[in-house]
Amino acid sequence: MHCPFCQHADTRVIDSRVSDDGATIRRRRECEACGERFSTLETVELKLPLIIKSDGRRENFDARKLRVGFDRALQKRPVAEEQIEAAVRAVVHQLRMTTEREIASRRVGEFVMAELRKLDHVGYVRFASVYRSFEDVADFREELDRLERDLPGEGQLPLLGAEVVPIDRHADKKKR
């Protein structure tokens, strides 16, 4: 590694620390020539597939765009930052696990929708409305009906202002 101060080609590592998540290593270095110290950050570089847009263009995957999509869908929703970060990591992991060099943006959208379904139903419907280009209220109703039919909804707020009623799972046993 070249010294950023004097451009000398030889530096030595004097300390290394692994990050809490184990994804990066921070190295403290010292230049052999000028004695200046600096830090470097080492991360794994994995090639993610190119994203094929609906108009046929190909773009490099951008995790920032993915995060923005989650943030827009979950704006003002009771979802913790850690949960959003975990969902973003899950989508990136799915992309890494595909052995394809290119992947359609529609498929990435499906990965995102699957994660949003787990996190927050309202965020899921928001994302789906843009992703699937809902044109009228009937499209929303159809998606809401599908969501209510497919998901038990435990641990999430109701979709349509329904009254929150606690469920006693042991009520049948108590009656006996």
List the extent of the Cα atoms of segment 37-141 along each of their three principal axes, largest first, rounded to whole Å. 60, 35, 21
Computed over the Cα atoms of segment 1-96, what is the convex hull's projected area averaged over all directions, in nm²? 9.3 nm²
Using Cβ counts within 10 Å as a stand-in for footprinting exposure, how do CYS34, CYS3 rank, fewest first? CYS34, CYS3
Would you list, by chain and number, the aspartates and glutamates whose Cα falls below 18 Å from the Cα of LYS118, excluding same-chain residues fewer than 8 positions away? ASP71, GLU81, GLU82, GLU85, GLU110, GLU143, ASP145, GLU148, ASP150, GLU154
Mean separation of Cα pairs under 8 Å and 6+ residues apart, divided by the residue count of the chain: what relative contact order is that in percent? 13 percent
Using distinct alpha-carbon pairs, which all enter the 1/r mean, Kirkwood radius of segment 12-55 in Å: 13.0 Å
So, R0 is 35 Å and r is the distance between the beta-carbons of SER19 and VAL137; what FRET efficiency does that work out to, to 0.05? 0.15
Short to long, in 10 Å steps from zero, the percent of alpha-carbon pairs of the chain per bin is 8, 24, 24, 19, 14, 7, 4, 1, 0
Computed lengthening from GLU30 to GLU85, 0.36 nm per intervening residue step minus Cα-Cα distance: 16.4 nm
GluC sites (Glu not before Pro) within segment 18-67: which are DSSP loop residues with at most 14 other Cβ atoms inside 10 Å? GLU32, GLU36, GLU45
Once you place label points 7 Å from the Cα toward the Cβ at ARG96 and ALA63, how far apart are they in nm? 0.9 nm
To the nearest 0.05, the calculated FRET efficiency linking GLN75 and ARG146 through their beta-carbon distance, R0 being 30 Å, is 0.85
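Each value in this text was obtained by applying a stated rule to the coordinates, not by laboratory testing. Keep in mind that what you see is a predicted model, and the values were worked out from it rather than measured. When we count neighbours, we look across all protein chains shown, and the Cβ atoms used for this are built from the backbone with ideal geometry, even at glycine.
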